[in-house]
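Shown next, in structure tokens, is the structure this report addresses.
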Amino acid sequence: MSSLLALSNSLADTVEQAGSSVVAVNAGRRVSSSGIHWRDGIVVTSDESLQRYDEITVTLADGRTVAATHLGHDSSTDVAVFKIPDLAIPVATIGDTTTLKVGNLVLGIARSNEGELRAALGAVSVVSGAWRSMNGGNIDQYIRPDITLYPGFAGGPLVDAAGNVVGMNTSGRRGTALTIPVATVNRVVEQLLAKGHIARGYLGVGMQPVRLPNNLTTALNLPTATGVIVVNVESAGPADKAGVLLGDVLVKLDGTTVNDTGDVMALLNSGDRVGKTVPLQVVRGGVLVELAIAIGERPAE
């Protein structure tokens with residue numbers, strides 16, 4: 001058997017193996033999206049690919065169609081989570097994205113609403129560190145595979161050469177493929193299963209960017225000449241209780257330098273600081289003041 005034929009057969013076997021945990025998510029669109037049976041009875045898919053959250057059905061690998069219950073979603077990371085009946089069907093084998101390298105062969109897998117398995121072959125074109133989505137979500141890694149996301153591929157898995165799922169595929173700018181890594185999906189799934197929503201950190205302040213005088217930046221040995229000035233403090237909120245005052249300029253939160261309001265929101269949006277007391281540095285009257293603030297949970301909109 002030639003090396004090319006052996007590779008071809010190996011790829012086909014990988015698609016068949018990994019595809020057993022890929023489902024079609026029927027949500028009212030002409031073309032269904034795909035989903036991943038992430039753990040027993042739990043299906044994840046791309047939130048932006050859904051037209052609705054009720055009356056959803058899922059088409060399984062064996063052709064059966066079952067009802068799915070919406071457990072929650074996070075538009076900032078593009079992850080939606082559904083529950084299906086416990087049918088003893090294959091669960092995805094979750095891989096490790098930290099081992100991905102540019103040039104690694106990967107597969108995008110999808111399932112049509114007729115139950116047909118589909119695949120696209122490509123390579124990892126970009127792997128880098130954490131980033132923030134346009135909706136403010138914290139994504140643990142930037143992964144861009146060089147694959148074509150045909151209709152119905154959004155929400156399906158990106159699979160490495162060993163058949164492990166390394167993330168969920170979604171559309172980036174101009175239709176390019178992006179992959180939400182397993183660490184991000186796991187974090188969203190855990191929060192939605194525990195609370196039914198994504199916890200967001202909350203300070204209870206109104207803020208706007210401000211530039212500090214160069215001489216003050218130098219005198220206080222600040223890492224940046226910009227910060228965010230407090231223009232409103234909510235009574236009895238986390239900031240009020242921590243002693244934050246109007247006119248304070250936030251320059252560091254939980255050890256991370258703050259340049260603008262986006263930096264603050266990025267730190268709060270992950271939700272992992274909710275309920276924790278973290279250090280806060282502010283410039284007050286030309287002096288650097290150290291405070292401790294207990295991060296609250298942002299009220300539901």
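Kirkwood Rh over Cα pairs of the range 89-195 into Stokes-Einstein at 20 °C, 1.002 mPa s: D in µm²/s?
It comes out at roughly 152 µm²/s.
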Solution diffusion estimate, µm²/s, Stokes-Einstein, the range 132-198, Kirkwood Rh from C-alpha pairs, 25 °C, viscosity 0.890 mPa s: 192 µm²/s
If each Cα of the range 1-154 is one equal point scatterer, what is log10 of I(q)/I(0) from the Debye formula at q = 0.10, 0.11, 0.18 Å⁻¹? -0.37, -0.45, -1.18
Note, LEU117: beta-carbon cut-off 9 Å, +1 each Lys/Arg, -1 each Asp/Glu, net 0
Subtracting the Cα-Cα distance of LYS195 and LEU216 from 0.36 nm times their residue separation yields 3.2 nm
Please calculate the 1.4 Å probe accessible area of SER128, with all protein chains present, and give it to the nearest 10 Å². 50 Å²
May I ask you to give the percent of accessible area on the range 54-115 that is carbon plus sulfur, with a probe radius of 1.4 Å? 51 percent
Pop out the carbon and sulfur fraction of the accessible area of the range 175-301 as a percent, whole number, probe 1.4 Å. 53 percent
Sites matching GluC sites (Glu not before Pro) across the range 2-100 that sit in DSSP coil, with at most 11 neighbouring C-beta atoms within 10 Å: GLU55
As a test of reading the structure, rank ARG187, ARG132 by solvent-accessible area (1.4 Å probe, protein chains only), most first. ARG132, ARG187
From most to least accessible, 1.4 Å probe, no ligand or DNA/RNA atoms counted, ASP78, ASP140, ASP146 line up as ASP146, ASP140, ASP78
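Quick check: convex hull of the Cα atoms in the range 151-301, volume per residue, rounded to a whole Å³?
170 Å³
Given a cut-off of under 8 Å on Cα pairs at least six residues apart, what relative contact order in percent is computed for the chain? Walk me through the intermediate numbers first.
Working: 744 pairs, mean separation 42.2, N = 301.
Answer for the chain is 14 percent.
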Note: the chain, point scatterers on Cα, Debye, no solvent; log10 I/I(0) at q = 0.07 Å⁻¹ equals -0.34
Whole number in Å², please: accessible area per residue of the chain, 1.4 Å probe, ligands, DNA and RNA not counted. 46 Å²
In Hz, Karplus ³J(HN,Hα) per residue of the range 87-95 (6.51, -1.76, 1.60; θ = phi - 60°; x = Gly, Pro): 10, 6, 9, x, 10, 4, 8, 7, x
Honestly the range 1-63 on the Cα gyration tensor test (a ≥ b ≥ c root eigenvalues; a/c under 1.5 rounded, otherwise a/b vs b/c for prolate or oblate) is just prolate
Below 8 Å, C-alpha to C-alpha, sequence gap of six or more: please give me the relative contact order for the range 30-113 in percent. 34 percent
Counting only protein heavy atoms and leaving out ligands, DNA and RNA, the solvent-accessible surface of LYS252 at a 1.4 Å probe, in Å² to the nearest 10, equals 60 Å²
Kyte-Doolittle mean at least -1.0, axial Cα span of 18 Å or more - DSSP H helices of the chain: 3-19, 182-195
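The values are calculated or read from the model by the stated rules, or taken from the named source; none is laboratory data. Source: prediction; values computed, not measured. Backbone-built Cβ (ideal geometry, glycine too); neighbour counts: all protein chains shown. Accessible surface is based on the protein model in full, side chains and every heavy atom, while ligands, DNA and RNA are left aside. Shrake-Rupley method; radii C 1.70, N 1.55, O 1.52, S 1.80 Å.
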